[in-house]
Amino acid sequence: MKKKEIPSVRRATSGDAGLLAELGARTFADTFASDNTPEDMEAYLSENFTPERQAAELSDPSSIFLIAEIDGEAAGYARLQSGRPPSCVAAPDPLELARLYVDQAWIGRGVGEALMRACVGEAERAGRKAIWLGVWERNERAKSFYIKWGFRKVGEQTFKLGSDLQNDWVMERPL
């Protein structure tokens with residue numbers, strides 16, 4: 001019987017911009033390419049997952065990036081972000097879970113759970129009372145994962161992927 005790999009989670013550093021650009025683009029494409037046009041995917045990926053864009057996001061003091069690793073290999077990542085939430089989020093001063101993606105090879109193997117535990121821990125250490133996120137209404141796997149973690153739908157917002165205006169659920173979880 002093969003030993004189960006246990007993911008470790010660390011905070012990203014400025015040296016991780018290239019890794020996050022590659023991992024971010026790959027996991028986003030793996031998740032959404034089959035449901036979107038190649039043109040919309042290319043537009044979104046080329047704007048949001050360059051090493052320069054990731055370096056800028058890493059240096060933003062309102063962002064925290066967490067990287068899950070197994071035996072030194074990046075298996076997923078999350079981005080937490082401070083900022084003004086949509087009006088449907090009730091908690092004062094919540095933290096946004098802006099991204100949580102797991103490499104396809106590691107889905108179902110505890111990486112998402114490790115990242116979510118780390119995100120909740122970061123929010124609690126910062127004294128936040130809630131975490132909120134936006135998730136595409138058609139992403140059933142993600143919605144089920146978030147519901148399992150105690151998130152509930154509190155509203156909706158739009159998300160622009162290339163030229164396509166999509167509908168996201170806004171979900172909130174008290175801490």
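The values are calculated or read from the model by the stated rules, or taken from the named source; none is laboratory data. Because the structure is a prediction, the values reported are computed rather than measured. In this analysis, Cβ positions are derived from the backbone assuming ideal geometry, glycine residues included, and neighbour counts consider all displayed protein chains. Side chains included, ligands, DNA and RNA excluded: accessible areas come from the protein's heavy atoms. Shrake-Rupley method; radii C 1.70, N 1.55, O 1.52, S 1.80 Å.
Scanning region 139-175 for residues that are outside any strand (DSSP E or B), closer than 25 Å to PRO38 by Cβ and over 16 Å from the mean Cα position of the chain (by Cα) yields GLY162, SER163.
Residues being out of contact with any Pro (no Cβ under 7 Å at 6 or more places or on another chain), among the aromatic types (Phe, Trp, Tyr) and surrounded by 17 or more Cβ atoms within 10 Å (Cβ to Cβ) are entirely absent from region 110-132.
Considered as a group, the residues in region 29-52 that are in contact with a strand residue (DSSP E or B) (Cβ under 9 Å, 6 or more places away or on another chain) and either part of a helix (DSSP H, G or I) or aliphatic (A, V, I, L, M) (or both) include one that is nearest to SER163 (Cα to Cα), and that residue is ASP40. State whether the residues of region 39-56 include one that is over 19 Å from ARG26 (Cβ atoms) and touching a helix residue (DSSP H, G or I) at 6+ places or on another chain (Cβ under 9 Å). Yes, the conditions are met somewhere in region 39-56.
For ALA98, the requirement of being in contact with a Lys or Arg (Cβ under 7 Å, 6 or more places away or on another chain) and either free of Cβ contacts under 8 Å to residues at least 60 places away in the same chain or under 21 Å from LEU165 (Cα atoms) (or both) is met. Note on region 45-58: among residues that are free of Cβ contacts under 8 Å to residues at least 12 places away in the same chain and over 13 Å from GLY18 (Cα atoms), the one that is least open to solvent (accessible area, probe 1.4 Å) is SER46. Considering the conditions (1) part of a loop (DSSP other than H, G, I, E, B); (2) free of Cβ contacts under 8 Å to residues at least 40 places away in the same chain, ILE6 is excluded by exactly one of them, (2). Of note, VAL135 does not satisfy the criterion of being more than 12 Å from the chain's Cα centre (by Cα) and at pLDDT 95 or above. Applying the criterion of being open to solvent by 40 Å² or more (accessible area, probe 1.4 Å) and either aliphatic (A, V, I, L, M) or part of a strand (DSSP E or B) (or both) to the residues of region 65-82, the residue that is nearest to ARG99 (Cα to Cα) is GLN81.
Of all residues in region 16-41, those satisfying the criterion of being under 23 Å from ARG141 (Cα atoms) and surrounded by fewer than 15 Cβ atoms within 10 Å (Cβ to Cβ) are GLU22, ALA33, SER34, ASP35, THR37, PRO38. In region 115-125 there is no residue that is at pLDDT below 95 and aliphatic (A, V, I, L, M).
None of PRO85, PRO92, PRO61 is in a loop (DSSP other than H, G, I, E, B), open to solvent by less than 40 Å² (accessible area, probe 1.4 Å) and either in contact (Cβ under 8 Å) with a residue 24 or more places away in the chain or farther than 22 Å from TRP169 by Cβ (or both) except PRO85.
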